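The values are calculated or read from the model by the stated rules, or taken from the named source; none is laboratory data. Remember, predicted model here, so these are calculated numbers, not experimental data. Cβ placement follows ideal geometry from the backbone for every residue including glycine, while neighbour counts extend to all protein chains displayed. Accessible surface is based on the protein model in full, side chains and every heavy atom, while ligands, DNA and RNA are left aside. Shrake-Rupley method; radii C 1.70, N 1.55, O 1.52, S 1.80 Å.
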Amino acid sequence: MSDVAIVGIGMHEFGRHDGISGMDQGVTAVRRALADCGQQWSDMEFAVGGSMDAGAADTMVSRVGLTGLPFTNVVNGCATGGTALAQAVNTIESGAGDLGIAIGFDKHEKGAFRIKGPRGKDWYGGSGLALTTQFFGMKINRYMHEHGITRPTLAKVGAKAFRNGALNPMAWRRKPLSEEEVADSLMLSYPLTQYMFCSPGEGGVAMILCRADKAKQYTDRPIYLKAAAVRTRKFGSFEVLAPSIALEHDAGPTSAASKAAFEQAGIGPEDVDVAQLQDTEAGAEIMHMAENGFCEHGEQEQMLANGDTEINGRLPVNTDGGCLANGEPIGASGLRQVYENVLQLRGDAGERQVPNDPKVAYTHVYGAPGISGVTILSR
Amino acid sequence: MTTPIANPVAVADGIFTLNDGQPVLLGSRCTNCDNHMFPRQHGCPRCMFNEQVDVELATRGTLWTWTVQAFPPKAPPYLGPVGDDFEPFGVGYVELPGQLRVEARLTESDPEKLQIGMEMEIVPFVLGTDEDGNDVVTYAFAPVTQNGDQS
Ligand SMILES: [Zn+2]
């Protein structure tokens, strides 16, 4: 278990914000996080931050204050926010700083991500294979074949996301959609339809962390980081944007990061009260329920039918609407999940508050080219 | 059988050769652990050994998973038709026995006609024409019908 606490959180609304740069949104998140715990930028002993498309995070010091603090830029794909958080934890645990800030923000062009081929002349993109959406369609299609998940269950995940998003004032898409509307929307990459996919978006999140034994100096409601783990793919895992995959099978970086995080925290999946799981698309949420250890492969079909993952269910999943309702500003997405869990553990999640005083909360982020980050928080 | 393509140029060098009009994928095999790789590379991610030999990959296999690309990819990098000329296309991983699973376009794009486990064979696929009027060719996999021909 780590000796680090989260004492302040700040977010810039997710969505599309014409005329507001990604950096602007990061700066707003920083100011809100500082205000949340009554601190000044000059109190920060270190900063870690990143974005994929919105510039080097450290350049924001010209806006928030040239205090001379060490500022580390993190560029780690979809795990940028999770990695920033893990680095902040390491910095505090190593004794290099007692109070610091982790920042993630982004702003992407509209439509699917434009991706260059893996190497050499771009035969891969040229041939029409460089689309992350294809991977998600192919992974869930194989999974449905192996584990008996049906297409109506994919629609259930989408409808839940938009129902939860409608309760979240920071979410991008706040209009509830029925299972039929999700299922009948434009087919993008079989079996996944338009409303089963998240879109690249914009937003920013910042959080202030400190040594656990000093947390009460900054807030009367500290949230403790029991674990933060990042893992990359091993040989045999099936990952996004791979021209070929091995015949051997590995369970993938999500399972590895999840196991490491549970080990660090000294608890198991049965102890988790609320979870935010990477839902790049509806199928990903389903597969990640099992990969993170919350059920066996195939059990999701019955769990969704039971409503187990609803806000009032046995294991509420993606209570803020997830990537589906919030969009995916790559640099900020992993920290958004942590932000939501801090609200849930503080009891500040408003209309979407999980009942019965949740005590343990779990986040999982996944992205190209096969990287996963997991955190476990507790009150 | 495949219709001959008048002036084929491969989408890139080193990915496949055209053997009598049929693409043959160019892979590597690790001399230490027999792991197969595509495209060719040095350094084996399985055993970390750094000695590989060039191999040609199998031209037949079975469909391991698939999807249908229903919206036009961004161009660039995509070299095929976009806008009103775009047609949905299948994409899948084809398992080449004893070697690996290779990602490929599929000639079939109807979900009703694609099944995991079905037999597939490699074929050339014309993406478009270059400025010199040559046909830019990539590889694709086509379902194999009962009598052994591509459907
Ligand atoms: Zn090897």
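Taken over segment A:1-48, the criterion of being within 16 Å of A:A84 (Cα to Cα) and free of Cβ contacts under 8 Å to residues at least 60 places away in the same chain is satisfied by A:E45, A:F46, A:A47, A:V48. Checking each residue in segment A:185-228 for being assigned to a loop (DSSP other than H, G, I, E, B), within 14 Å of chain B (Cβ to nearest Cβ), open to solvent by 20 Å² or more (accessible area, probe 1.4 Å) and touching a residue at least 40 places away in the same chain (Cβ under 8 Å) picks out A:Y190, A:S199. Looking at segment B:84-151, the strands (runs of 3 or more DSSP E) lying wholly inside it that each contain 3 or more residues that are within 9 Å of chain A (Cβ to nearest Cβ) sit at B:89-96, B:100-106, B:135-143.
Residue pairs whose Cβ atoms lie under 6 Å apart, sitting 6 or more positions apart in sequence or on different chains, and linking a residue in segment B:52-75 that is of a type in the set (D, E) to a partner that is in a strand (DSSP E or B) and open to solvent by less than 30 Å² (accessible area, probe 1.4 Å), are B:E56/B:V24. Collect the residues in segment B:72-87 that are loosely packed, with under 13 Cβ neighbours inside 10 Å and under 19 Å from the mean Cα position of the chain (by Cα), keeping them in residue-number order. The one that is loosely packed, with under 13 Cβ neighbours inside 10 Å and under 19 Å from the mean Cα position of the chain (by Cα): B:E87. Among residues of segment B:22-49 that are closer than 16 Å to A:F235 by Cα and at pLDDT 95 or above, those with a beta-carbon under 6 Å from a residue that is within 7 Å of the ligand (Cβ to nearest atom) and outside any loop (DSSP other than H, G, I, E, B) at least six positions away or on a different chain give the pairs B:C44/B:C30. Among the residues of segment A:126-166, those identified as small (G, A, S), facing chain B (nearest Cβ under 9 Å) and in a loop (DSSP other than H, G, I, E, B) are A:S127, A:G128, A:A130.
Count, please, the residues in segment A:291-306 that happen to be in a loop (DSSP other than H, G, I, E, B), closer than 28 Å to A:G201 by Cβ and open to solvent by 10 Å² or more (accessible area, probe 1.4 Å). Spell out the reasoning first.
Step one: list which residues in segment A:291-306 are in a loop (DSSP other than H, G, I, E, B), which gives A:292-299.
Subsequent filtering for residues that are closer than 28 Å to A:G201 by Cβ retains A:292, A:294.
Adding the requirement that they be open to solvent by 10 Å² or more (accessible area, probe 1.4 Å) leaves A:294.
The qualifying residues number 1.
Residues that are assigned to a loop (DSSP other than H, G, I, E, B) and closer than 23 Å to A:R16 by Cβ within segment A:329-379 comprise A:P329, A:A368, listed in sequence order. For segment A:237-257, the set of residues classified as of a type in the set (G, A, S), surrounded by fewer than 19 Cβ atoms within 10 Å (Cβ to Cβ) and at pLDDT 95 or above is empty. All of B:G98, B:G61, B:G90 fail the test of being open to solvent by 50 Å² or more (accessible area, probe 1.4 Å), modelled with pLDDT of 95 or more and more than 14 Å from B:L127 (Cβ to Cβ), apart from B:G98. Among strands (runs of 3 or more DSSP E) entirely within segment B:1-55, having at least 1 residues that are within 16 Å of the ligand (Cβ to nearest atom) and open to solvent by 40 Å² or more (accessible area, probe 1.4 Å) singles out B:22-30.
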